[in-house]
Amino acid sequence: MSKTFYKGIDVSEHQGHIDWEMVKAAGVEFVIPRDGYGLYTEDKIFPLVIAGAQDKHIDIPAIYHFSYATTKDNAIAEAKFAINECKKYGLPKSTIIFYDFEYDSKRYFDSCEMKKKAKDRKTLTPAMVQEFTTAFCDTIEEAGYIPGVYFNQDYYQHWYNNGGSFKSNWIKWLADYEGDPLIPTEFRQTGSAGKISGIKGAVDLDEANFDYKTLSKDKPETKPEPKPAKKSNEEIAKEVIAGKWGNGSDRRARLTTAGYNYNEVQSIVNSMLPKESPKKEVTEAIVNAVIRGDYGNGDEIARSEERRVGKECR
C-alpha cells in the first residue's frame, strides 16, 4: 500500500462557489483545478480557485486540462493554452500540468468524424490517443513545466498500452475508487462523490502519494559574469617585456592557455625591443689593412670602419 503524503481535491466550474476558509478547515491540503477545456475555453472559476486557495495557503501542485483534441496539432495548442494560464496567474514552473483525455473526449472525436463523408472518417485508435498525449506532454516539458497524464484503469490498459506509452518523467494521476491501486502513481483520485465543507454538492477526492513539495521551484534568473575583454597582442607584448608572462617555455604555455598566439605576440615583442648595433669583429685582414695605412690614422680609421660596416649591413 502506497503512503499518502497529502489529502486534496480537484475542482472545476461544476463546483460553483467555493468557501476556501471552510475547505481549509475541513483538512484539505491541496487542490488541482481545471484550467479549461478544448483549444481556447478557460474554466469559469479557475482564477477564483487560484486566488482563494493561495489566500488560505492551500497547495496548488498541479492543474489539469480537459482535452477535446482531434489531431496532434490540437493537443499542442491545448498545451500552449494551459501554459499561458499558468503564466497569466503566476503559477511556478514546478506546477504539474495534467493531460486529461476521457470518454467524453472520444465522444467528441467521433461526433466530429460523423460530420465528414464516410470515406474520410477516421476511427480513434490507441496510437492516436498516445500521439495526442505525447504531443501535449512534450510541449509542457519544453516550456519548463512538469508534464502529467490523468487516466483510469481502462484507459491505462487499452489506450496507453498498460503504461508502456508513458515517458518516465511524466507524473501519473490515476482514477481508482476501490481498494488498493494496482498501478503505482504519484496522485490518485479516490472518489467522485466527496463531501467537503465549503463546497455544495459532490467533489472529487484525491491523495498525493509522493512529496510534491520536493519538486524544483523556480530559480531566479542570474546573468552570467561578464568575461573580461581580451587584450590586444600589442598590450600583451608590453606585459611580456615588463616580465609579467615569464620566459621561454613557461611564457609560451601561459600565453597559449590564456588564448593568445605565442608566435604573434613574440614577433611584436621582438619588434618593440631596441635593436643592438652589430658587433665589429677585428679580423687579421683588418689588422693588416691598418698596418698598411688603408684606414688612415686616429679618428679617420674609426670613420672608415663605420662606413665599411654600414655598407655590409644594407
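Summary of values
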{"read-out": "In sequence order, calculated HN-Hα J values of region 172-177 (Karplus, 6.51, -1.76, 1.60; Hz; x Gly/Pro)", "value": "9, 10, 9, 8, 8, 9"}
{"read-out": "Spin-label zone in region 108-152 - amide nitrogen under 20 Å from a point set 7 Å from the Cα of Asn162 along the C-beta vector", "value": "126-131, 151-152"}
{"read-out": "Order by protection proxy (mean Cβ within 10 Å, highest first), peptides 258-268, 195-205", "value": "195-205, 258-268"}
{"read-out": "Loop-resident sites, region 27-108, for chymotrypsin sites (Phe, Trp or Tyr not before Pro), counting at most 16 other Cβ within 10 Å (DSSP)", "value": "Tyr40"}
{"read-out": "Mean-position separation - Cα centroids, region 43-84 and region 129-158, in angstrom", "value": "14"}
{"read-out": "Zero-based 5 Å bins, Cα pair distances in region 1-59, whole percents", "value": "4, 18, 29, 22, 13, 8, 5, 1"}
{"read-out": "Positive minus negative residues near Phe46 (Lys, Arg vs Asp, Glu; Cβ under 10 Å)", "value": "-2"}
{"read-out": "Sites Cys112 and Ala202, calculated FRET efficiency, Cβ-Cβ separation with R0 30 Å, nearest 0.05", "value": "0.50"}
{"read-out": "Accessible surface of region 12-51 [probe 1.4 Å, protein heavy atoms]: carbon and sulfur percent", "value": "56"}
{"read-out": "Listed residue pairs exceeding 21 Å between alpha carbons, taken from Lys44/Lys116; Lys7/Lys200; Lys3/Lys195", "value": "Lys44/Lys116; Lys3/Lys195"}
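The values are calculated or read from the model by the stated rules, or taken from the named source; none is laboratory data. Note that the coordinates shown come from a computational prediction; the quantities given were computed from them, not determined experimentally. Reconstructed Cβ throughout: ideal geometry from the backbone, glycine too, with neighbour counts over all protein chains shown. Quick note on the areas: whole protein, heavy atoms, side chains included, nothing else; ligands and nucleic acids left out. Shrake-Rupley method; radii C 1.70, N 1.55, O 1.52, S 1.80 Å.
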